[in-house]
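Peer 1: The structure's right below; bear with me while I get my questions together.
We did not get these values from a lab; they are worked out from the coordinates using the rules stated. Just so it is clear, the model here is predicted, and its values are computed rather than measured. When we count neighbours, we look across all protein chains shown, and the Cβ atoms used for this are built from the backbone with ideal geometry, even at glycine.
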Amino acid sequence: MDDRDNNKCIFCRIINGELPCRKVYEDDDVIGILDINPFSKGHVLVIPKKHVVWFHEMDEELTSKVFIAVNRICQKIKRAYDVEYIDLFARGMRIPHVHIFIIPKIRNERNVFDMFVDLFSYVQENIKNPFSNEEMDKIAERIRNA
């Protein structure tokens with residue numbers, strides 16, 4: 001069975017042409033579509049055509065292809081709009097198929113995602129690190145040696 005035959009996955013159905021989308025990019029392995037609930041103009045979801053639920057489950061080859069597409073789409077968005085910067089993050093929760101959010105910050109426009117990032121930044125800057133220096137050293141070593 002082809003990974004794209006997953007008829008319950010909304011992204012697989014979009015990739016298979018069963019559901020409409022506003023496609024802004026496509027190659028053999030990846031599509032880019034406008035999010036139907038955008039945080040800003042140019043909010044794009046970059047989706048591998050292969051059904052993979054979590055980012056960390058993609059192999060290096062697919063990861064490379066996805067991020068080449070992300071970069072190409074970001075360059076297009078920068079040419080289309082007066083972009084201050086572009087946020088990226090990987091998802092797989094609400095829709096169980098990995099997708100990379102591209103959320104441009106259009107100059108002089110405020111969006112909900114900026115408010116979320118501001119709140120996230122405030123929390124991160126104001127919480128106490130729950131780990132001692134020794135624990136941080138052990139965490140770093142464990143990851144390095146994994």
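Peer 1: Sequence-distant or interchain residues sharing an amide H contact under 5 Å with ASP87, placed H: which?
Peer 2: Amide H neighbours of ASP87, under 5 Å, 5+ apart: ILE103, LYS105.
Peer 1: Taking only DSSP H segments of four or more residues, each worth -39500 (n - 2.57), what value at 222 nm results for the chain once the sum is divided by all its residues, to the nearest 500 deg cm²/dmol? The partial results should precede the final answer.
Peer 2: Working: 4 runs with 55 residues, N = 146.
It comes out at -12000 deg cm²/dmol, rounded to the nearest 500.
Peer 1: By how many nm would the segment from ILE106 to GLU84 grow when fully extended, if each residue of separation counts as 0.36 nm and the alpha-carbon distance is taken off? Numbers along the way, then the final one.
Peer 2: Working: separation 22, 0.36 × 22 = 7.92 nm, distance 0.58 nm.
Roughly 7.3 nm would be gained on extension.
Peer 1: Rounded, prolate or oblate for the chain? Axes are the square roots of the Cα gyration tensor eigenvalues, ordered a ≥ b ≥ c, and the cut-off for rounded is a/c under 1.5.
Peer 2: Because a/c hits 1.5 or more and a/b fails to exceed b/c, the chain counts as oblate.
Peer 1: Using 0.36 nm times the number of residues separating GLU125 and TRP54, minus their current alpha carbon distance, what extension gain do you get?
Peer 2: Numbers: separation 71, 0.36 × 71 = 25.56 nm, distance 2.78 nm.
Length gained, GLU125 through TRP54: 22.8 nm.
Peer 1: Of the peptides 59-65, 41-47, how do they stack up when ordered by the mean number of other Cβ atoms within 10 Å, highest first? Walk me through the intermediate numbers first.
Peer 2: Working: 59-65: 12.7, 41-47: 22.3.
Those peptides, ordered most packed to least, come out 41-47, 59-65.
Peer 1: For the chain, can you list the cysteines whose C-beta has no other cysteine C-beta under 4.7 Å from it?
Peer 2: CYS21, CYS74
Peer 1: At what distance in nm do the modelled label points of ASP114 and LYS138 sit from each other, each positioned 7 Å from its Cα along Cα→Cβ?
Peer 2: Result for the modelled spin labels: 4.3 nm.
Peer 1: Mind scanning LYS65/LYS105; LYS76/LYS128; LYS78/LYS138 and naming the pairs with a C-alpha gap bigger than 32 Å? Write down the numbers at each step before the final one.
Peer 2: Details: LYS65/LYS105 24 Å; LYS76/LYS128 40 Å; LYS78/LYS138 41 Å.
Table pairs above 32 Å Cα-Cα are LYS76/LYS128; LYS78/LYS138.
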